[in-house]
Amino acid sequence: MRIFSGIKPTGDSTLGNYSGGFRQYAATQEQGDATFCIVDLHAITVEYDPADLRERTLDLFAMLIATGLDPDRTTVFAQSHVTAHAEASWLLSAVAGYGQLGRMTQFKEKGREQEHVASALFNYPVLMAGDILLYQTDIVPIGDDQRQHLELTRDIAERFNGRYGEVFTVPEGVYPEVGARIMSLQDPSAKMGKTGSSDQGTVRMLDSPEAILKKFKTAVTDSGREVRRADDKPGISNLIDIMSVATGSTPAAVESEYVDAGYGAFKLAVGEAVVALLEPIRLRYTELRTDEGELLRLLAGGADRARATSAPTLERMYEAMGFARL
Ligand code: AMP
Ligand code: TRP
């Protein structure tokens, strides 16, 4: 089985990224032939600081290893190192629909936040489709916010296969059963994101234990007293999910342990569980991040492997589309 996912080197990684991304990557790496991509070309689709991009790329690479990816057995690389991604994106833009791209929620939401909306933001999902399809991917571990982009990728693959001949595997999205959408601790109706959501509501993977405990202590809860998942208790439901992600217990087990504990004690317990989860990751990260030479060496190895895997599919795309190849 071939596994592929991507993550943007923008902002500090959050507990949401851990839940929908990192922990799934490390788990799926055991199930087959896995490739993970630091999507630096996607990072330039919104306003960003060019002085940061290189650092953020290395930060994220160190975090991918610190959360359990083994760069010797799994291909981990930066998108811009493998030019097939930019090429595939252009070729696939011939099958992606203009109307369909305009309906993407992420495009509409991020577009609203930007003073100048770049055409790259509009084309973002086409580049993502190319990322996935170049590796003949069977499964894509992602969080819930990427569901629409994954459906679009499947559409693009089917349309391409129908029009030019069978080139692509049509991929399936894999979403975690619990924690596919971690919400802000300050506003349980908003996704916990790297950018946009409030700092106090966002748990960053490199936050100090004190900062994490404080964020949980001040987390917004709902009316009532029982620690129980319910539609009218979005704050507590989110905390139960986070507890489940941090400890590996099911949400039902978390409920039965804490149902009578009271919100204050429960928030403290969730904070402590998250500190216990993130502290060893932070220590590993800090150690890995100090050796830039080694990180660059490992990235170069990943790029070599990614080039070798993606090249035959790119060639088949050009051929199927009728280009005069040399
Ligand atoms: P990004 O940082 O936007 O590139 O996202 C990387 C991965 O983390 C994607 O698979 C996202 O779906 C996932 N992700 C981001 N935010 C959250 C969240 N709040 N809850 C669950 N998964 C998330
Ligand atoms: N769009 C994804 C996100 O914001 C990142 C991404 C880019 C991706 N290419 C990908 C995810 C390919 C999965 C597969 O999180």
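The values are calculated or read from the model by the stated rules, or taken from the named source; none is laboratory data. Just so it is clear, the structure is predicted and the values come from calculations on it, not from any experiment. All Cβ positions, even for glycine, are placed from backbone atoms using ideal geometry, and neighbour counts span all protein chains on display. SASA here: full protein model, heavy atoms, side chains in, ligands and nucleic acids out. Shrake-Rupley method; radii C 1.70, N 1.55, O 1.52, S 1.80 Å.
Structure notes:
- With Cα atoms, 0 to 90° folded angle of helix 50-66 axis to the chain main axis: 70
- A viscosity of 1.002 mPa s and a temperature of 20 °C, combined with the Kirkwood radius over C-alpha pairs in the Stokes-Einstein formula, give the range 1-69 a diffusion coefficient of 171 µm²/s.
- The range 209-286 - Rg and Dmax from Cα coordinates, angstrom: 12.5, 41
- Of all DSSP bridge pairs formed entirely within the chain, close to 10 percent run antiparallel.
- One quarter of the surface of the convex hull around the alpha-carbon atoms of the range 259-326 equals 10.0 nm², the direction-averaged projected area.
- Crossing angle, helix 263-289 versus the chain [Cα axis fit, 0-90 degrees, rounded to tens]: 40
- Accessible area of the chain belonging to carbon and sulfur atoms, whole % at 1.4 Å probe: 51
- Estimated dipole of the range 209-286 in Debye, rounded to 20 [Cβ of Lys and Arg +1, of Asp and Glu -1, Cα centre]: 320
- Of the residues V140, P209, A261, the one whose Cα sits farthest towards the positive end of the charge dipole of the chain is V140 (charges of +1 on Lys and Arg Cβ, -1 on Asp and Glu Cβ, taken about the Cα centre).
- Each helix, a run of at least 4 DSSP H residues, gives -39500 (n - 2.57); summed and divided by the residues of the chain, these come to -16500 deg cm²/dmol at 222 nm.
- Over 20 Å (Cα to Cα) - which of K8/K110; K108/K191; K194/K267; K215/K267; K233/K267; K110/K214 fall in this group: K194/K267; K110/K214
- For D155 and E287, a Förster radius of 30 Å and the Cβ-Cβ distance give a FRET efficiency of 0.10, rounded to the nearest 0.05.
- The mean of 1/r over all pairs of different alpha-carbon atoms in the range 1-132, once inverted, gives a Kirkwood hydrodynamic radius of 15.6 Å.
- Built amide H within the under 5 Å cut-off of A261, gap 5+: V227
- Counting all C-alpha pairs of the range 134-289, share separated by more than 23 Å (%): 47
- The chain: angle of helix 292-320 to the longest principal axis, Cα-based, in degrees nearest 10: 50
- Residues in the range 70-87 carry Karplus couplings, in order, of 9, x, 7, 9, 10, 7, 10, 8, 9, 3, 5, 7, 10, 5, 3, 5, 5, 5 Hz; the curve used is 6.51 cos²θ - 1.76 cosθ + 1.60 with θ = phi - 60°, and Gly or Pro positions show x.
- Projecting the Cα atoms of G224, G271, S249 onto the dipole axis of the range 209-286, where Lys and Arg carry +1 and Asp and Glu carry -1 at the beta carbon, places G271 farthest toward the positive end.
- R225 paired with Q100, simple spin-label distance in nm, labels 7 Å along Cα-to-beta-carbon: 5.4
- Taking the Cα centre of the chain as reference, the dipole from Cβ charges on Lys and Arg (+1) and Asp and Glu (-1) amounts to some 380 debye.
- Binning the C-alpha pair distances of the range 94-211 at 5 Å intervals from 0 yields a P(r) profile of 2, 10, 17, 18, 18, 15, 10, 6, 3, 1, 0, 0 %, listed from the shortest bin outward.
- Considering only alpha-carbon pairs that sit under 8 angstrom and 6 or more positions apart, the relative contact order computed for the range 209-286 is 37 percent.
- Scattering profile of the range 125-194 at q = 0.14, 0.15, 0.24, 0.25 Å⁻¹ [log10 I(q)/I(0), Debye over alpha-carbon scatterers]: -0.49, -0.55, -1.00, -1.06
- Estimated D of the chain in µm² per second, where Rh is the Kirkwood radius over Cα pairs and Stokes-Einstein applies at 37 °C, 0.692 mPa s: 159
- If only the Cβ of Lys and Arg carry +1 and only the Cβ of Asp and Glu carry -1, the dipole of the range 28-119 around its Cα centre is close to 400 debye.
- C-alpha center-to-center spacing [the range 147-226, the range 7-80] in angstrom: 15
- Net charge contributed by nearby residues that have their C-beta within less than 13 Å of D138 (K/R +1, D/E -1): 0
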